[in-house]
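Only one structure is covered here, and it is reproduced in the block below.
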Amino acid sequence: MSAGATAVAQSLDTGTVTSEPRKLGFAAYFACFRGIVWREVLRFLHQTERFFSALVRPLVWLFIFAAGFRQVLGVSIIPPYQSYVLYEEFVTPGLVGMILLFNAMQSSLSMVYDRETGTMRTLLVSPFPRSFLLVSKLLGGVSVALLQVFAFLLVAYFWSIQPPPITELKLFTGYEAPHWLEGIVPSMTEPSIITFASVPAALQPVMGYIFVIPALVVAGLMLGSLALFMSSIIKQLENFAGVMNFVIFPMFFASSALYPLWRIRESSPLLYEICRFNPFSYAVELIRFGLYGHVDLVSLIVVVSCTILFLAAAVFAYNPSKGLIARRGGPGGGA
Amino acid sequence: MSKDVSSGAGAAALVISGVSHSFGENRVLDNVSLVVPQGSFTVLLGLNGAGKSTLFSLVTRLYDNVSGEIRILGHDVRRRPTQALQRLGVCFQSKAIDSDLSLLQNLHYHAALHGIGGREAKKRANDALGKVGLLDRAHAKVRTLSGGQARRVEIARSLMHRPGLLLLDEPTVGLDIGSRESVIGIVRDLVREEKLGVLWATHLIDEISATDNVVVLHKGKVLFAGTVPGLLEAAGAANVRDAFRGLTGTITAEAA
């Protein structure tokens, strides 16, 4: 590592008890962050069956469900698509969202499990600020999710689901506020697309995959912080079936992952509003637009705001003096 | 970094004064005070449910002490948590190392949690494994270790940032006699050679040696704090077991 670390090494080399602790500088923060993320990745790579089950789930949806629905659901030309697309192509960003959703919930479950083992407590005994530790832990989870997403996109690529070459990066704005928000949130009923950068020819074929990464990170962080908050307030989260029924399925089905929202609106205006209230819809749209070189402004605002909100709630819940853990006598506490 | 008056070379490894804690109506700790001097082996003796784990949760700042004060080498846990936690090493009762990863990978992770990376982490991992006698297993996965060996890795883990105070919460639970002796021996060596302050929570009376400090915690109250001879005198008993029974009025103390 850096010169700073060497200096620390020398000052502590005596091995005796020193009372003044070393200062935690930038290098220390980085070492901590890297250590936490690397541990999540290592753990994931050591659990091969987890990798395959994470990959098989979206592939079953893609190969079987989407193929079956191809003839049932026609997708008209809606942004970001510039031509008719097959249902498989439409559903791919939704399945990417599903990977992020499952991964977030799974890591929140593992945190409940960790609470009972000493792992979570060891993390919280670290001298770094707790918010930093929790965000690092979440980004570790997101890194694992990114590995899964790109493995899935690679298989999908050979199933000829390939985002078109991106020649220009565009900003998309368009939003129709629901009735109950009218006057509070401005409507942008005339969708507009502004080009803000052009892409060098060499990067064009892969630009969709690169451009979607920030979208995946923010969306993953949003779902992860939601799951983290849940892990601190819900005691009986050990049961994955319960999480599936009460969190994953409602979030996944009441969203734009499987069907365009305008089609839901035709069948049920109420369901349409529920889907639009669901932050997961915006995560999926952010990913969908990202894969096609677009920034969907409204989705970006919603996802970033939700991330901040959920993260603040999670940090509050893990705060030693105010948090919910203290009130409940949690992580393995009590006695 | 500002210097506390009470910090510096002379500060005790751990000072707990007047700490109480409740979960709802249930008062788990009642005005608990104790001191762990540097270079001392202090046994926190109490039955299950005495409040040992809660006390550990407060010292490790899992939740805040609502009343009273906790200082680690002079640093107040609430007001200067970073400095306090930097000087603190903990072995929790439950497992804190990953079975799927190797010993070295585990130790590197814990070095990272204290901001130590790269070559320095490698050096410290080797040192720590040497101290617990597991250097030859450095690349083995934790799941291939015996229970006693895994415990020793936990101790190596808690030494990675060279703490001044080491907390151990019932570290010998579930170990056979040989492993127990080896774990206790390692920790006693650390106290002697590194001048570590150790707080060893247990309900096993035979883990106490005549030169230790003893704190008897019962139903959230400290009934006695001092040396072993002091304990025998205070209770008017011939051995620690009888002294413990006399003080707590229980006859259920673990047979050792």
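Nothing in this text is a laboratory measurement; each read-out follows from the coordinates by a stated rule. Computed from a predicted model, the values in this text were never measured in an experiment. When we count neighbours, we look across all protein chains shown, and the Cβ atoms used for this are built from the backbone with ideal geometry, even at glycine.
Computed quantities for the displayed model
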{"item": "Residue order, fewest to most surrounding Cβ atoms within 10 angstrom, among B:LEU199, A:LEU203", "result": "A:LEU203, B:LEU199"}
{"item": "Signed unit charges on C-beta, dipole axis of chain B, positive-most listed residue B:GLY246, B:THR144, B:THR202", "result": "B:THR144"}
{"item": "Debye, to nearest 20: dipole size of the protein assembly as shown, +1 on Lys, Arg Cβ, -1 on Asp, Glu Cβ", "result": "740 debye"}
{"item": "Peptide A:121-133, shielding by other chains (average Cβ, 10 Å cutoff)", "result": "6"}
{"item": "Ratio of the Cα radius of gyration of chain B to 2.2 N^0.38 Å, where N counts its residues", "result": "1.00"}
{"item": "Long-range Cα-Cα pairs in the stretch A:25-328 (distance over 29 Å), rounded percent", "result": "37 percent"}
{"item": "Cα-Cα over 25 Å, subset of A:LYS23/B:LYS95; A:LYS23/B:LYS195; B:LYS95/B:LYS122; B:LYS52/B:LYS131; B:LYS52/B:LYS122", "result": "A:LYS23/B:LYS95; B:LYS52/B:LYS131; B:LYS52/B:LYS122"}
{"item": "Average partner coverage of A:208-220, which counts Cβ from other chains inside 10 Å", "result": "0"}
{"item": "Likely footprinting exposure, A:TRP159, A:TRP262, fewest C-beta neighbours within 10 Å first", "result": "A:TRP262, A:TRP159"}
{"item": "Inter-chain shielding of B:20-29 (mean C-beta neighbours from other protein chains, 10 Å cut-off)", "result": "2"}
{"item": "Exposure proxy order (Cβ contacts within 10 Å, fewest to most) of B:HIS21, B:HIS203, A:HIS179", "result": "A:HIS179, B:HIS203, B:HIS21"}
